[in-house]
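The values are calculated or read from the model by the stated rules, or taken from the named source; none is laboratory data. Every value quoted in this text rests on a predicted model; they were computed, and no experiment measured them. Because the Cβ atoms are built from the backbone with ideal geometry, glycine has one as well, and the counts that use them run over all protein chains shown.
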C-alpha cells in the first residue's frame, strides 16, 4: 500500500475506522437517564434492547477497558427485570482482573447474576481462592463476602480451609466477615463444622463489636445444629453474661450508641444465644437469671431499641428454665407492651403471648381483656394475632363472653380472615362447646359462604340434635337469608331448616329471641325465590325444592300452592330437580296417604364420624380418622410410626388399628396448639354404650371409657375359669393370652399377654402391636420391658383392654418386631382361637 | 436469616433488589410486584410487620418495611430474626446511606445503585447482619472508594467512568 508511508499512519487509519464503528459505551448514569425518559413500557424495552445489543458487541470485542461499565449497566437492567445471563462470564473476567474497581463490580455481578444452579459459578473458585490470600484486605473482604453469599457446597468444601485461617486473623474487618462466611459454609456442608471449633476459642475475647456480633452468630449457628456443640459451648455462658453486663452498665459510648442504648443489636444477639444455651439446662439458666432480671428492669423503653431488647429478654425468659418470679415478670412486660401506643410493640407482644399461652396459660389469661380489645384494632396484622390468641384463651369458663366478642369481630373483619376464623371456631366449639350451640348457629349465619361446603351436613346434624333450639335456629336462619341468596352453604342450611321446622317459624314460638311474624306464604316466597335465583347452585335448588315439599305436611293453608310449585318443576331442565319434582308429584297424586309419614320430622341423628371433628383430630398428625383416640394413663410413649407401619401393613378397611400410646406432642399450627391445650378432652363421638359412672366430660379430666371402672374391682373370680390360649408360637417366641372379664362392665375383656423366648439369645427391642375389627375398641398398656430373655428365663407382660359392646367374636391381628441374633425380625399373625368365654 | 432486601418507589419501581436465596429472575420480579402490592395499601399508622406473600414463604417469613418519603425499604426475614431488631436495622441502613451520600434522596439511590449495593454488602452478608456500627461502615466504604479512585490516576485511556 503506497499511500501509507509508515506504520503509524497505517495504525491511525485503521484505528479511525475502529473508533467510528465502535463508539464508547455510555456510562451507567446516561443509561439510567435515558431509561427514565421512556414514557411507556414498550419504549423502555426498546431502549434496553438497543443497549443490550451494544453491550453484547462490546463484550465480543474483549475490551478490558469498558467491561466494568458494561457490567454495571447490565446489573441495572437485570434489576429492572430484563435477562442478563450473557454477562455472567464477563463478571468472571472482571473478578480475575487486577484492579479493585473491576473486582468490586465483578463480585457484585456474581452475587446478583449467579447462583449455584449455574455451572459457571464453579469457575470462580480459583479466583476466590487467590483473592482470599490477596494483600489488600478489601479484596479479601470481597472474596469472603461472595463466598458467604452464594458459595455452593463444592466451593465451600474447597475453600473452607482458607476461611478458617482468616477466622484466626487479628484483622477485625476480615475476622467478622470470615465468621459469617463460616456460618454459610456450615450451612452448606454441615460436616465441616468441627473444623471451625478451634478458631472459636478466642472469638468472645474480641473488643471489636462487629467481630463479637458475628462471632455470636457463628456460635448460635453451631449450637443450633449440633447438640454436642451446644453442650460444649455451655461453658461460655458466664462470659456472655459478663459481656452483656458491660454493655448495660457501661454508660454512654458514642461509637455503639443507638438512641441512647449501647449496641442494642449485640445485646439482642447475645440474649438469643443465651436462650439457646439455657434451654433445658438448669445450671445455665441459673447463671443467667440475674442478668435477665437486670435487663428486664433497667432497659429504657421509650424508644424502639429498648423494646427490641426487652422483647428478646422476655422470649429468653420464657424459653429457659427460669424461676417463676422471672416468668411472671416477663408476662407482665408483655402485658405492658399490649398497652403501648406503638403498633409494632403490640404486634410483637401478641406474637410472643401466642407462643407462651401453652405453658403459662393462667398468666396470659390475666391479660385477656386487653387482648380482646386488640380485636378492634384497625391494623390487619394485629387483628389476626389477636384472633389466634383469643381462640387459644377460650376455655369452659369464659366461652360465652369470648364468643360474643369473637362473633362481633367476625362481623367486621376482612374476608381473608373469615376462613381462618371459621376453622378456629369450629375447632373450639366442637371441643368445648357441645352445649354452646348458640355460637354454631351464629357462625352459620354470619360467616355464610366462608364455611366449607362439608360443614353443611355437620351443621345440619348439630341443629337436628339440639332439639330445644329448633325454633330459634330456623328464625335466625330465615332472617339471615332474607333478600340475600349469595352464600350457598348458608342458603342450603337455611332451606333445610325451614323445610324441617317451618311450622315453628310460622307459629312464632321462639324463646331466645323476639319471635318474628311470618306467614306461610312469605316462607314459600323465600323458598321459591331461592329456586329461581341465578345465584343458587343446583344443590341449593335441590335443598329448596325438598324443603317446599316438606312444608306440605307442616303448613296448613298453602298446600295447593306447594302442589303447583312442585308440578312446575316436573319439567325443569335440571335433571335433578326434574326427578325430584316428578317424584314429589307422584307423592301428592298416588301416595298421598304416605306423604305425612314420609315427610315427618327428622329424628335425632347418631353422631357418626363426620368430616368435621375427625379432620380436626387429623391435624394432630394422626393419619387415620381416630375419633376413638384417648389419653392413656401416664406411661412411656411409643413412636407412632410403628402404628403407621401397622396401618400400611394391614391396609384393610375393616380393621381399626390401635395406636399403643397416643402422642402427647402436637404440631405447631394454631389449631393443633389449641387441641394440645384441650387434649384432655375425650374426642370420641361414638355413642358411649359402655356405662360410665363419670358425668359429662369436663376439661380437666381425661375420660377414657374404661377408666371409670378403675376404682372398682375389675376382675371377678370367674376370670380363672377362662382358658388361656397360645396366640403365637414361632421361631422360639411364644405369646400366651390370659383373660379376665370385668365385674361391672361385661363388654370389657382384659387380656394379659406373656411373651417368652426359648432360644439361646435374648430378643431385644421387642414391640407388640395389635389391631381389632372396627366394632371393638382396644387399649394397649405399657409393656413390662422390651427384652425377652433367652431360655425362657423371664417374660414380657403387657395388658390389653378390649371393649366389645356388640359382643362380637373377638379377632385380632398382631404384629411383632424385635431384634434377634443381630438382625431385625418382624412377623404378622392373626389370632382366631379366642375362647368364647372371653367375648360372649 | 434475611431472605431479601428491596427498595422501591411509591409507584413500585425497584431501585434496589438483593436476594439472599436463589430465586429465578421471573420469581424475583414477581416477588417485587407482590411486595409492592402488599405494602402500598397499608395505612400510615399500622404496624410495620406483615406476613410474607405467597411466593416468599407465607407465614414462615415476615415482611418488615419502613416508608421514608417516596421510598419503601423492605426486608424479608424468617423467624430467626428479631422483628424489632430488623426494624432498627433499616433505620441504621438509611442513616448510613444518608452519611455516605450527604442528605440522601431518591435520585441518589436511582443513579448510584452500585454504590448502594456496596454499602449494603458491608452491612449484610449472606443474609446475616454483618456490621451495625454506622461509623465503621462509612469508614470502610470511604477507604474502598479511595482505593478505586487511586486506580483512575494510573495513566491509561481514561475510560473508566464508574461515577
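From the set of residues in the range A:545-570 that are part of a helix (DSSP H, G or I) and out of contact with any helix residue (DSSP H, G or I) (no Cβ under 7 Å at 6 or more places or on another chain), which is farthest from residue A:504 (Cα to Cα)?
Step one: of the range A:545-570, the residues part of a helix (DSSP H, G or I) are A:545-554, A:559-570.
Now restrict to residues that are out of contact with any helix residue (DSSP H, G or I) (no Cβ under 7 Å at 6 or more places or on another chain): A:560, A:564, A:568.
On the way: A:560: 20, A:564: 23, A:568: 27 Å.
Among those that are part of a helix (DSSP H, G or I) and out of contact with any helix residue (DSSP H, G or I) (no Cβ under 7 Å at 6 or more places or on another chain), it is A:568.
Does the range B:50-64 contain at least one residue that is under 26 Å from residue A:273 (Cα atoms) and in a loop (DSSP other than H, G, I, E, B)?
Within the range B:50-64 (the criterion being under 26 Å from residue A:273 (Cα atoms) and in a loop (DSSP other than H, G, I, E, B)), the answer is yes, since at least one residue qualifies.
Residue A:28 - would you say it is under 47 Å from the mean Cα position of the chain (by Cα) and in contact (Cβ under 8 Å) with a residue 40 or more places away in the chain?
Values: under 47 Å from the mean Cα position of the chain (by Cα): yes; in contact (Cβ under 8 Å) with a residue 40 or more places away in the chain: yes.
The answer is yes for residue A:28.
Could you tell me how many of the residues in the range A:525-544 are more than 12 Å from residue A:580 (Cβ to Cβ), surrounded by 14 or more Cβ atoms within 10 Å (Cβ to Cβ) and touching a helix residue (DSSP H, G or I) at 6+ places or on another chain (Cβ under 6 Å)?
Final tally of qualifying residues: 4.
Condition check ((1) under 21 Å from residue A:105 (Cβ atoms); (2) under 16 Å from the mean Cα position of the chain (by Cα); (3) modelled with pLDDT of 90 or more) across all residues:
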| position | (1), (2), (3) |
| --- | --- |
| B:61 | no, no, no |
| B:85 | no, yes, no |
| B:98 | no, yes, yes |
| B:108 | yes, yes, no |
| B:141 | yes, yes, yes |
| B:154 | yes, no, no |
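Name the residue, out of A:149, A:156, that is in contact (Cβ under 8 Å) with a residue 24 or more places away in the chain and facing chain B (nearest Cβ under 9 Å). Can you show your working first?
Working: A:156 fails: facing chain B (nearest Cβ under 9 Å).
Only one candidate qualifies: A:149.
Look through A:350, A:315, A:354 and report the one residue that is more than 9 Å from chain B (Cβ to nearest Cβ), modelled with pLDDT of 85 or more and under 26 Å from the mean Cα position of the chain (by Cα).
Values: A:315 fails: more than 9 Å from chain B (Cβ to nearest Cβ); A:354 fails: modelled with pLDDT of 85 or more.
Step by step, each of A:350, A:315, A:354 is checked, and only A:350 is more than 9 Å from chain B (Cβ to nearest Cβ), modelled with pLDDT of 85 or more and under 26 Å from the mean Cα position of the chain (by Cα).
So which pairs qualify, if the first residue must be in the range A:255-266 and within 7 Å of another protein chain (Cβ to nearest Cβ) and at pLDDT 85 or above, the second must be surrounded by 20 or more Cβ atoms within 10 Å (Cβ to Cβ) and outside any strand (DSSP E or B), the Cβ gap must be under 7 Å, and the two must be at least 6 apart or on different chains?
The qualifying pairs are A:264/A:305; A:264/A:308; A:264/A:309; A:264/B:88; A:265/A:213; A:265/B:85; A:265/B:132.
Pick out the one residue from A:28, A:80, A:113 that is touching a helix residue (DSSP H, G or I) at 6+ places or on another chain (Cβ under 8 Å), surrounded by 22 or more Cβ atoms within 10 Å (Cβ to Cβ), within 9 Å of chain B (Cβ to nearest Cβ) and modelled with pLDDT under 90.
Details: A:80 fails: surrounded by 22 or more Cβ atoms within 10 Å (Cβ to Cβ); A:113 fails: within 9 Å of chain B (Cβ to nearest Cβ).
After applying the criteria, what remains is A:28.
For the range B:99-116, what are the residues that are in a helix (DSSP H, G or I) and either buried (at least 18 other Cβ atoms within 10 Å of the Cβ) or in contact with a helix residue (DSSP H, G or I) (Cβ under 8 Å, 6 or more places away or on another chain) (or both)?
Scanning the range B:99-116 gives B:99, B:100, B:101, B:108, B:109, B:110, B:111, B:113, B:114, B:115, B:116.
If a residue must be over 18 Å from residue A:767 (Cα atoms), free of Cβ contacts under 8 Å to residues at least 60 places away in the same chain and surrounded by 15 or more Cβ atoms within 10 Å (Cβ to Cβ), how many such residues does the range A:782-840 contain?
Of the range A:782-840, the ones over 18 Å from residue A:767 (Cα atoms) are A:791, A:793, A:802-811, A:832-840.
After this cut, where a residue has to be free of Cβ contacts under 8 Å to residues at least 60 places away in the same chain as well, the list is A:791, A:793, A:802, A:804, A:806, A:808-809, A:811, A:832, A:836, A:840.
Filter again for surrounded by 15 or more Cβ atoms within 10 Å (Cβ to Cβ), leaving A:802, A:804, A:811.
The number of residues fulfilling the criteria is 3.
Restricting attention to the range A:85-120, which residues are outside any helix (DSSP H, G or I) and more than 17 Å from residue A:138 (Cβ to Cβ)?
Kept after step one, since they are outside any helix (DSSP H, G or I), are these residues of the range A:85-120: A:97-99, A:114-118.
Listed by number, the residues that qualify are A:114, A:115, A:116, A:117, A:118.
Considering only residues that are assigned to a loop (DSSP other than H, G, I, E, B) and either closer than 16 Å to residue A:92 by Cβ or in contact with a strand residue (DSSP E or B) (Cβ under 7 Å, 6 or more places away or on another chain) (or both), which ones fall in the range A:126-159? Working first, answer last.
Restricting attention to the range A:126-159, the residues satisfying the condition of being assigned to a loop (DSSP other than H, G, I, E, B) are A:133-136, A:151-152.
Within the range A:126-159, A:151, A:152 meet the criteria.
Does the range A:462-485 hold any residues that are over 21 Å from residue A:604 (Cβ atoms), touching a helix residue (DSSP H, G or I) at 6+ places or on another chain (Cβ under 7 Å) and at pLDDT below 75, and which are they?
Answer for the range A:462-485, where residues must be over 21 Å from residue A:604 (Cβ atoms), touching a helix residue (DSSP H, G or I) at 6+ places or on another chain (Cβ under 7 Å) and at pLDDT below 75: A:480, A:485.
Give the residue that is nearest to the chain's Cα centre (by Cα), with candidates limited to residues of the range A:365-384 that are outside any helix (DSSP H, G or I) and more than 11 Å from every other protein chain (Cβ to nearest Cβ).
Restricting to residues being outside any helix (DSSP H, G or I) and more than 11 Å from every other protein chain (Cβ to nearest Cβ), the top hit is A:375.
State whether the residues of the range A:168-182 include one that is surrounded by fewer than 20 Cβ atoms within 10 Å (Cβ to Cβ), within 14 Å of chain B (Cβ to nearest Cβ) and not in a helix (DSSP H, G or I).
yes
Determine, yes or no, whether residue A:106 is in contact with a helix residue (DSSP H, G or I) (Cβ under 6 Å, 6 or more places away or on another chain) and more than 9 Å from chain B (Cβ to nearest Cβ).
On the way: in contact with a helix residue (DSSP H, G or I) (Cβ under 6 Å, 6 or more places away or on another chain): yes; more than 9 Å from chain B (Cβ to nearest Cβ): yes.
Yes: the conditions hold for residue A:106.
State all residues of the range B:4-26 that are within 11 Å of chain A (Cβ to nearest Cβ) and free of Cβ contacts under 8 Å to residues at least 40 places away in the same chain; if no residue qualifies, say none.
Initial filter on the range B:4-26 (within 11 Å of chain A (Cβ to nearest Cβ)): B:6-8, B:13-26.
Once the filter is applied, which keeps residues that are within 11 Å of chain A (Cβ to nearest Cβ) and free of Cβ contacts under 8 Å to residues at least 40 places away in the same chain, the range B:4-26 yields B:13, B:14, B:17, B:19, B:22, B:23, B:24, B:25, B:26.
Count, please, the residues in the range A:204-225 that happen to be free of Cβ contacts under 8 Å to residues at least 40 places away in the same chain and surrounded by fewer than 21 Cβ atoms within 10 Å (Cβ to Cβ).
Within the range A:204-225, residues that are free of Cβ contacts under 8 Å to residues at least 40 places away in the same chain and surrounded by fewer than 21 Cβ atoms within 10 Å (Cβ to Cβ) number 6.
Taking residue A:517, is it assigned to a loop (DSSP other than H, G, I, E, B) and over 19 Å from residue A:599 (Cβ atoms)? I'd like the intermediate steps shown before the answer.
Values: assigned to a loop (DSSP other than H, G, I, E, B): yes; over 19 Å from residue A:599 (Cβ atoms): yes.
In short, yes.
Report yes if some residue within the range B:122-129 is farther than 23 Å from residue A:221 by Cβ and more than 9 Å from chain A (Cβ to nearest Cβ); otherwise report no. Walk me through how you get there before you give the answer.
We begin by selecting, within the range B:122-129, every residue farther than 23 Å from residue A:221 by Cβ; these are none.
No, there is no match, as no residue in the range B:122-129 is farther than 23 Å from residue A:221 by Cβ and more than 9 Å from chain A (Cβ to nearest Cβ).
Regarding residue A:345, is this residue out of contact with any strand residue (DSSP E or B) (no Cβ under 6 Å at 6 or more places or on another chain), surrounded by 21 or more Cβ atoms within 10 Å (Cβ to Cβ) and closer than 26 Å to residue A:246 by Cβ?
Values: out of contact with any strand residue (DSSP E or B) (no Cβ under 6 Å at 6 or more places or on another chain): yes; surrounded by 21 or more Cβ atoms within 10 Å (Cβ to Cβ): yes; closer than 26 Å to residue A:246 by Cβ: no.
In short, no.
In the range A:205-235, how many residues are over 18 Å from residue B:133 (Cα atoms) and over 35 Å from the mean Cα position of the chain (by Cα)? Spell out the reasoning first.
Step one: list which residues in the range A:205-235 are over 18 Å from residue B:133 (Cα atoms), which gives A:205, A:218-235.
Within this subset, residues satisfying the condition of being over 35 Å from the mean Cα position of the chain (by Cα) are A:205.
Qualifying residue count, the range A:205-235: 1.
If residue A:162 meets every condition in (1) within 14 Å of chain B (Cβ to nearest Cβ); (2) over 17 Å from residue B:118 (Cα atoms); (3) part of a helix (DSSP H, G or I) apart from one, which number is that one?
Among (1) within 14 Å of chain B (Cβ to nearest Cβ); (2) over 17 Å from residue B:118 (Cα atoms); (3) part of a helix (DSSP H, G or I), residue A:162 violates only (1).
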